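Worksheet: the structure to be examined is printed underneath.
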Amino acid sequence: MENTTSSYRLELLPCVPAFHRRARDNRLMILGQLVYYGPMPTYYGIGEITHLLGGFVVVDFRGTGYFGVHTDLFEPQYLIPIPSSTLSLL
């Protein structure tokens, strides 16, 4: 079932296409870091990195996006870290 609302202001997160310079520069992913799916922030919402598996990152979104996804596996170039200065706005 899709989530039609989010408690976060996901429209404030800029869309960053995969393999864009900004997406490629975020190779330093750490456990507990808050990230979003760069190409379309509203799809998955805001998530926390829970595992690093080889060249992949497991993110727990807790159903914060419109798709209602809880956990998914990504290549790092699809994820954008959320700066702490932006978190207070969301």
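Derivation of every value follows stated rules applied to the coordinates shown; laboratory data play no part. Not measured: the values here are computed from a predicted model. Quick reminder, even Gly has a Cβ in these numbers, built from the backbone with ideal geometry, and neighbours come from all protein chains shown.
Structure values in brief
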{"quantity": "Distance-filtered residues of segment 75-90 - backbone nitrogen under 17 Å, label point 7 angstrom along LEU53 Cα→Cβ", "calculated": "75-79"}
{"quantity": "Nonlocal amide H pairs with GLY68, under 5 Å, H built at 1.01 Å", "calculated": "ASN3"}
{"quantity": "Dipole magnitude (debye, nearest 20) for the chain, charges at Cβ of Lys, Arg, Asp, Glu", "calculated": "280 debye"}
{"quantity": "Estimated 222 nm signal from helices in the chain, with DSSP H stretches of n ≥ 4 weighted -39500 (n - 2.57), rounded to 500", "calculated": "-2000 deg cm²/dmol"}
{"quantity": "Rounded Å value of the spacing that divides the Cα centres of segment 76-90 and segment 28-54", "calculated": "9 Å"}
{"quantity": "Normalised contact order of the chain, rounded percent, pairs of Cα under 8 Å and 6 or more residues apart", "calculated": "33 percent"}
{"quantity": "Compactness of segment 10-87 as Cα Rg over 2.2 N^0.38 Å, two decimals", "calculated": "0.96"}
